[in-house]
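Take a look at the structure below.
Taken together, the values in this text are just the output of simple stated rules run on the coordinates, not laboratory data. All values derive from a computational prediction rather than experimental measurement. No Cβ is skipped: glycine too gets one built from the backbone with ideal geometry, and neighbour counts run over all protein chains shown.
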Amino acid sequence: MIYFTRFFKLGIGLAVAALISGCATSHNPADPFEGYNRAMFKFNDKVDQVALKPAATVYKNVLPSFVQTGIGNFFGNLGDIWTAVNNLLQGKLEEGMSDVGRVTINTFAGLGGVIDVASDAGLPKHREDFGQTLGKWGVKPGPYVVLPLLGSSTLRDTVALPVDISADPWVYVYPVNIRNTGIGARALDQRAGVLDASTMIEEASLDKYEFVRDAYLQRRQSLIHENGVKQSGGEEVNPASGDWETVESAPDKLSSNNTVNSSNLVNRDSTSPEATSDAVPAQQQSASQGMSSKTKPD
Amino acid sequence: MNILKKILAVAIAFGALSFAASASAAIEPPDALIKRISQEVLDSAKSDTGIQKGNRNRIRALVEAKIIPYVDFQRMTALAAGRYWRTATPEQQQRLSKEFRDLLIHTYSGALTEIRDQKLQMRPLRATPSATEVIVYTRVIQPGREPIELNYRLEKLEDGWKIYDVNVLGAWLVETYKGTFASEISKSGIDGLIKTLADKNRKLASGPVNSRK
């Protein structure tokens, strides 16, 4: 019993110390666990460097691209089932039904999902998980959390993760060695898809941890709040609606076709309202100094 | 004398007219501007094998001609530095803007070498004509992949619209650098941040433009 209370006290002491040191290094209120997160980020980065990234590079360079596309499409199709459920849970009927259509078309007309015929048929891919659904329902993201091997997350999304995992059809595949091979292939395919992007992060960031965190939190926000961003003209702009016009190589007149047609949209493009509201005062504050120095060429 | 006066008046009137005409023609609408420079950059990058192979001079020339004139790096840097910007001397502000600009140009140059069969789509701008700040929404379509959202914040200055923030896949550039800038500055001051950026730029400059290949 005495040992127990001693351990307990020691535990409290350590927790307090961790909190204090955490506060000392943390500048971002969304990241109270920065000390732990940085350590885990470093670990993940190391694993990526020595194992995942080299393997994904081989995957990308060795496998014919149609095989890679097939693998990506196959697992993408399985993922679309859960995306459909989440879109419906979020009340986005149009997107949800489009996803149901995607799975149906790709499974039966696309050789079990290997060929993404639905995208060509005008049903674009969406990506929704249970964390986004909770966010839509009003659950706040909570602190930023770096998960072992899985990387950036938030407390809310970590809580939602077991639901996502149990909703992944592939985890029920038997025998286990096929299941594990599939999980490995999917991980490689996903890593291979962001090889260029990860090099760019490497180049662009001063502090990779902060860069990834701050970009991730914004992106997550923008995925959940697909509602509008206010233009300074006063008009509400909803990035998820409106026609997309393809810019051709030959210069032509910019059309101003304002017909709303959201069915052929990928519904993920949105700017974070938080980022916007946060950026605005800073703009105003710097506008006065900005003006005086604007005549100066860089 | 009278005739001379008349000629002079007519000349001045014409001068004023043509000046007014050129001034209004110079202000290109923000969406047209984004469309034009995107198009020019895409076309150049697709047709120029030197750029695709990572020829530093060719990339630099393209960026300097097509991009830099339309970006307000000073404001971009001021926003990223946030409240610290006011504490910097004009000289520090200038050096910070320069280093930040070089870092962004390097990153952008790497992306340029990736352009092959991408296509650009944009949404028609719906802002009032009196607006001085707008967001232009575009996305890059690449075969077999999800589109990449690419949005621009622009401000209207006397010499035209200027880009001062870019959003890639939902994350604003300024916002993403803000945290890093703040912690660098609070750790080692404005000069420390300038030095970190300069070191980073030197390291990047010694490597290939595109370290991906």
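Just a few scattered comments:
- Among the residues of B:147-159, the average count of other protein chain beta-carbon atoms within 10 Å of the residue beta-carbon is 3.
- Calculated FRET efficiency, A:V173 to A:V58, Cβ-Cβ distance, R0 = 30 Å: about 0.75 to the nearest 0.05.
- By average C-beta atoms within 10 angstrom, highest first, the peptides A:210-216, A:91-97, A:114-120: A:210-216, A:114-120, A:91-97
- The simple spin-label model puts a point 7 Å past each Cα toward its Cβ; for B:A61 and B:E158 those points are separated by 3.3 nm.
- Taking 7 Å steps out from each Cα toward its Cβ at B:T89 and A:L150 produces label points 5.1 nm apart.
- Between A:A51 and B:K195, the modelled labels are 3.9 nm apart [label points 7 Å from Cα along Cα→Cβ].
- Label zone at A:D196, where the point sits 7 Å out along the Cα-to-Cβ direction: region A:42-65 residues whose backbone N lies under 20 Å: A:53-65
- Using 0.36 nm per residue and subtracting the Cα-Cα separation, the extra length available between B:R36 and B:R202 on full extension is 56.6 nm.
- Ordering of A:165-177, B:74-86 by packing [mean C-beta count within 10 Å, highest first]: B:74-86, A:165-177
- The protection proxy used here, the mean number of other Cβ atoms lying within 10 Å of each residue, ranks peptides A:124-131, B:119-126, A:64-71 as follows, highest first: A:124-131, B:119-126, A:64-71.
- Using a Förster distance of 41 Å, the FRET efficiency for A:I165-B:Q121 (Cβ separation, nearest 0.05): 0.75
- For region B:157-213: lysine pairs under 29 Å (alpha-carbon distance), excluding those fewer than 8 apart on one chain: 14
- Structure-based [θ]222 nm, chain B - -39500 (n - 2.57) summed over DSSP H runs of at least 4, per residue, nearest 500: -19500 deg cm²/dmol
- Shielding score for A:206-217, defined as the mean number of other chain Cβ atoms within 10 Å: 5
- Within 10 Å of each Cβ in B:124-131, the average number of Cβ atoms from other chains: 6
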